[in-house]
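Scroll down for the structure; my scribbles are underneath it.
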Amino acid sequence: MAILEVEHICKAFSRMEVLKDISFSLEKGQAVSIIGSSGSGKTTLLRCLNFLERPDKGIIRVGGETLFDAGDPSTQSEAAIRKKRLHFGLVFQSFNLFPQYTALENVMLARELLASEQPDYKARKKEIQEEIHAQAGELLNQMGLSNRMGSYPHQLSGGQQQRVAIARALALTPDILCFDEPTSALDPELTGEVLKVIKELADKKTTMIIVTHEMAFARDVADHTIFMDDGVIVEQGDPRQVFEEPKEERTKQFLARFTQG
Ligand SMILES: Nc1ncnc2c1ncn2[C@@H]1O[C@H](COP(=O)(O)OP(=O)(O)OP(=O)(O)O)[C@@H](O)[C@H]1O
Ligand SMILES: [Mg+2]
């Protein structure tokens with residue numbers, strides 16, 4: 001069964017239609033890459049999936065549960081949406097770490113906040129804290145940052161900061177991890193280290209949506225590729241098919257522009 005089903009999502013800002021009838025689905029353990037030119041609606045789509053934007057039309061289902069249905073106001077209360085956000089992890093282009101906290105604290109923070117809302121928090125505080133601490137350490141270790149846990153964001157390179165941001169997103173064990181151009185703010189020599197950890201996550205069958213301009217990465221790491229243009233999905237399918245034998249003229253033109261550099 002699909003872990004994510006997106007059906008007929010439409011979104012307009014004022015009168016400009018930015019997403020026009022977007023539908024796709026994602027199986028558990030799959031990685032999807034989304035490519036497309038600037039302004040095609042990729043970020044807006046991720047923001048809709050994370051409920052940072054409210055779609056005008058359409059349905060979003062996770063694990064068979066309808067999280068959002070534009071036609072059903074009962075799915076749209078703020079309290080409900082806050083909880084539903086936890087299904088998705090989001091890693092942005094700019095890392096948005098809290099400057100006043102260490103790498104370890106940045107990874108622990110969201111889970112601590114959630115835990116503190118649990119009824120048994122006071123009674124089990126020490127135990128819960130230790131658990132969260134251990135998990136954050138394990139995640140930073142996975143990101144190759146075991147020796148930088150006590151560093152503050154300004155003491156870390158862009159690539160290191162982005163890996164902390166990935167650990168932070170993973171800490172809440174989201175069903176689906178979303179990346180919005182995770183390397184485009186990085187110097188070229190730091191891009192590789194971030195792509196490497198994302199590739200490792202894909203190898204471990206982490207369910208992911210990756211918006212990227214790294215075409216080789218989009219082709220090689222994903223199980224499925226979506227090409228967007230002007231708010232529509234022009235073409236989607238097996239990455240090798242989309243990249244090597246695109247069916248649509250618009251896909252061919254986009255790829256030709258990219259390979260020319
Ligand atoms: N909050 C907003 N208000 C008005 N227009 C918006 C808003 N957010 C995005 N847009 C417009 O929606 C369109 C799609 O933007 P979006 O950021 O989704 O594109 P993108 O595919 O992520 O582009 P890029 O590759 O440059 O990141 C653009 O024309 C943009 O100007
Ligand atoms: Mg964008």
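Things to note:
- Probe 1.4 Å - accessible area at Glu214, Å² to nearest ten: 70 Å²
- Centre-to-centre, using Cα atoms only, the range 220-238 and the range 75-129 are separated by 31 Å.
- Highest mobility in the GNM of the chain, judged by mean-square fluctuation with C-alpha springs under 10 Å and restricted to Leu97, Leu170, Leu52, is found for Leu52.
- Accessible carbon and sulfur surface of the chain relative to its total accessible area, %, 1.4 Å: 49 percent
- Spin-label pair Leu52/Ser146, simplified geometry with 7 Å Cα→Cβ offset, distance in nm: 3.3 nm
- Fully extended contour minus Cα-Cα distance, from Arg257 to Lys20, at 0.36 nm per residue: 82.9 nm
- ³J(HN,Hα), Karplus 6.51/-1.76/1.60, whole Hz, each residue of the range 8-19, x for Gly, Pro: 6, 6, 10, 8, 10, 10, 6, 10, 8, 7, 9, 10
- Placing unit charges on each Cβ (+1 for Lys and Arg, -1 for Asp and Glu) gives the chain a dipole about its Cα centre, and among Cys178, Phe98, Gly64 the Cα reaching farthest toward its positive end belongs to Phe98.
- By accessible area with a 1.4 Å probe, ligands and nucleic acids excluded, highest first: order of Cys10, Cys178: Cys10, Cys178
- Counting all C-alpha pairs of the chain, share separated by more than 23 Å (%): 54 percent
- Surface calculation, 1.4 Å probe, protein heavy atoms: Tyr101 sits at approximately 80 Å² accessible.
- GNM top mover of Asn50, Asn106, Asn147 - the chain, alpha-carbon springs below 10 Å: Asn147
- In terms of accessible area, using a 1.4 Å probe and ignoring ligands and nucleic acids, Glu235, Glu249 rank largest first as Glu249, Glu235.
- Accessible surface, the chain, averaged per residue in Å² (probe 1.4 Å): 49 Å²
- Working note: Karplus 6.51/-1.76/1.60 with θ = phi - 60° gives the range 163-169 the couplings 5, 5, 4, 5, 4, 4, 5 Hz, where Gly and Pro are set to x.
- Comparing Arg82, Arg15, Arg47 in a Gaussian network model of the chain (Cα springs below 10 Å), the most mobile by mean-square fluctuation is Arg15.
- Plainly put, the range 119-185 has a radius of gyration that is 1.04 times its Kirkwood radius, both from alpha-carbon atoms, as the Rg/Rh ratio.
- DSSP finds beta bridges in the range 4-260, and of those with both partners inside it, around 55 percent are antiparallel.
- Within a straight-line Cα-Cα reach of under 27 Å, Lys205 can be paired with the following lysines, leaving aside sequence neighbours fewer than 8 residues apart in one chain: Lys28, Lys42, Lys83, Lys84, Lys196.
The values are calculated or read from the model by the stated rules, or taken from the named source; none is laboratory data. It should be emphasised that the depicted structure is a prediction, and the values quoted were computed from it without experimental measurement. Glycine gets a Cβ as well: all are built from the backbone with ideal geometry, and neighbour counts include every protein chain shown. Accessible surface is based on the protein model in full, side chains and every heavy atom, while ligands, DNA and RNA are left aside. Shrake-Rupley method; radii C 1.70, N 1.55, O 1.52, S 1.80 Å.
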